[in-house]
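Since the structure comes first, as structure tokens, the remarks are kept for the end.
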Amino acid sequence: MGNAVVRSEARRIRHHPRATPALGALGRGLHVAASIALMIALMVGTAQIGGRPVGATLPAGLSSGHGRHCVAQLGAPTMRCFAALNAAVAVATDGRVQLLAGTTGAALQAIPLNRGAGASDDRVVSIEWTRSNYSGASLTWQAPSSCGNYASSSMPRGWNDAIRSVAQYSGCATTLYWDVNFGGADDVIDVNASVPDLGSFDGNVSSQKWCPDSPCG
């Protein structure tokens, strides 16, 4: 692996001054009022936790949406998502590969996804997952030909800092980058390699390159 680094944050300890009896009573009253306001907000559907409305749908591709399976074509602005992995693989391979419903990402490692592809057919160059061991939501990268020099300066919408395991196909290597525009630390994955856990890069990939020989410069 490349120059992977682990980011750390300093521990913060907040000290709270001891309240006087009068201030303590006032604080308890404010706490009750806040609790009542939260209950009302939940009833009308306007409450927010962590800046997101309660019950709101998360962007496609995030790890909490582990049933989402998306296909993005290199060089194209669109991304298509499906409820099932077999549907995403069928689209990514132009219908050449028809998986049984319920096929897992781990089982997919033994299936030659690009067998039978013609010179002008789309090919799968990598599949990336939001959980370790090829599980969770998946992002399949599709290229218009066998492996060349491809690059994505940012991840598709909802996929920034999301992936945790990777499988390479079509004779491609990949280099993962911590920041957009290929900045920060990088993590090199060899040709056709499968990595069940990205270690310090778990949930920290923001851009990516593909190439026939690693590392991708």
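For the range 136-146, the set of residues classified as assigned to a strand (DSSP E or B) and closer than 15 Å to Q168 by Cα consists of S138, L139, T140, W141, Q142, A143, listed by residue number. The set of residues in the range 148-180 that are part of a loop (DSSP other than H, G, I, E, B) and under 18 Å from V89 (Cβ atoms) comprises P156, W159, I163, Y169, S170, C172. Inspect all residues belonging to the range 131-147 and state whether any of them is at positive phi and surrounded by fewer than 15 Cβ atoms within 10 Å (Cβ to Cβ). Yes, because at least one residue in the range 131-147 is at positive phi and surrounded by fewer than 15 Cβ atoms within 10 Å (Cβ to Cβ).
For D94, the criteria (1) farther than 22 Å from F182 by Cα; (2) charged (D, E, K, R); (3) surrounded by 15 or more Cβ atoms within 10 Å (Cβ to Cβ) hold in every case but one, which is (3). Of everything in the range 70-98 that is assigned to a helix (DSSP H, G or I) and under 18 Å from the mean Cα position of the chain (by Cα), the residue that is farthest from Y150 (Cα to Cα) is L85.
What number goes with the only condition from (1) under 24 Å from Q208 (Cα atoms); (2) out of contact with any Cys (no Cβ under 8 Å at 6 or more places or on another chain); (3) small (G, A, S) that G102 does not pass? In the conditions (1) under 24 Å from Q208 (Cα atoms); (2) out of contact with any Cys (no Cβ under 8 Å at 6 or more places or on another chain); (3) small (G, A, S), G102 misses (1) alone.
Every test in (1) part of a loop (DSSP other than H, G, I, E, B); (2) in contact (Cβ under 8 Å) with a residue 40 or more places away in the chain; (3) not basic (K, R) is passed by V188 save one, and that test is (1). Residue under question is P196, and the condition is that it be under 24 Å from I111 (Cβ atoms), over 12 Å from the mean Cα position of the chain (by Cα) and either touching a residue at least 24 places away in the same chain (Cβ under 8 Å) or surrounded by 15 or more Cβ atoms within 10 Å (Cβ to Cβ) (or both); does it hold? Here the answer is yes, as P196 does meet what is asked. In this structure, does A101 turn out to be farther than 18 Å from G171 by Cβ, surrounded by fewer than 19 Cβ atoms within 10 Å (Cβ to Cβ) and at pLDDT 95 or above? Considered against the rule, which asks whether it is farther than 18 Å from G171 by Cβ, surrounded by fewer than 19 Cβ atoms within 10 Å (Cβ to Cβ) and at pLDDT 95 or above, A101 comes out as no.
Among the residues of the range 116-130 satisfying the criterion of being among the hydroxyl-bearing types (S, T, Y) and buried (at least 19 other Cβ atoms within 10 Å of the Cβ), which is farthest from the chain's Cα centre (by Cα)? Steps first, answer last, please.
We begin by selecting, within the range 116-130, every residue among the hydroxyl-bearing types (S, T, Y); these are 120, 126, 130.
Subset that is buried (at least 19 other Cβ atoms within 10 Å of the Cβ): 126, 130.
Values: S126: 13, T130: 5 Å.
By that ranking, first place goes to S126.
The values are calculated or read from the model by the stated rules, or taken from the named source; none is laboratory data. Just so it is clear, the model here is predicted, and its values are computed rather than measured. We place every Cβ from the backbone using ideal geometry, glycine too, and count neighbours over all the protein chains shown.
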